[in-house]
Amino acid sequence: MKSLYIKSARKILQNKDELEKKLKVKITVKGQNTSITSAFDNEVDEYFAERVLLALDYPFLIEDALLLLNEDYLFEAIHIKDHTKRHDLKVIKGRIIGTQGKTLRVLQDLSNAIIAVKDNDVAIIAESSDFENARQAVISLIKGSKQGNVYARLEKSHKREY
């Protein structure tokens, strides 16, 4: 049995039956504490369920979070304050999201990753082969790199792969 601290468990509660079936675990939500119990104390099922539920604490779709059932996919939440000394976090989040979400969409397209911004965190779900490029792109934007330079670096890394 694992216990998780999840700020907004509403999405988990709304889709509890579907999640329990796909994750092969029993989910219990009490306030912000979420417990995961597998039928036969299967730690592998609990581990994958934990990854999916932690991803659902961010504004990912359930289908995107369920990609984490595949071991080739990675998930990480990057805390913005860990990579900058600036205090105007709204401006930094705005640089990552862009006007009407354009920067975020372009980042996702170029990096083959799913990226979400919530509070002071940027969360990434991507295949292991694409994950590091997406992670570096987000960190570069947090540190103040121009969007165009980040896009160019992502495009260049894509060409090297092919």
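Every number here is computed from the coordinates shown, using simple stated rules; none is lab data. Bear in mind that the values here come from a model prediction, so they are computed numbers and not experimental data. Neighbour counts are summed over all protein chains in view; Cβ atoms, including those assigned to glycine, are modelled from backbone coordinates with ideal geometry.
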Query raised in the report: Which of the residues that make up the stretch 1-55 are under 18 Å from the mean Cα position of the chain (by Cα) and either at positive phi or among the acidic types (D, E) (or both)?
Result: E50
Query raised in the report: Does A77 meet the test of being touching a strand residue (DSSP E or B) at 6+ places or on another chain (Cβ under 9 Å), touching a residue at least 40 places away in the same chain (Cβ under 8 Å) and surrounded by 20 or more Cβ atoms within 10 Å (Cβ to Cβ)?
Result: no
Query raised in the report: What is the residue count in the stretch 94-149 for residues that are under 12 Å from E76 (Cα atoms) and acidic (D, E)?
Result: 3
Report task. Scan the stretch 87-117 for residues that are touching a residue at least 40 places away in the same chain (Cβ under 8 Å), assigned to a helix (DSSP H, G or I) and either surrounded by fewer than 18 Cβ atoms within 10 Å (Cβ to Cβ) or not polar (S, T, N, Q) (or both) and jot them down. Result -> I92, R95, I96, V106, L107, L110
Query raised in the report: Going by the conditions given, is S157 among the polar types (S, T, N, Q) and buried (at least 20 other Cβ atoms within 10 Å of the Cβ)?
Result: no
Query raised in the report: In the stretch 108-153, which residues are under 17 Å from L66 (Cβ atoms) and touching a Lys or Arg at 6+ places or on another chain (Cβ under 7 Å)?
Result: I124
**Report entry** Only one of E71, E46, E76 that is of a type outside the set (K, R) and part of a strand (DSSP E or B)
**Finding:** E76
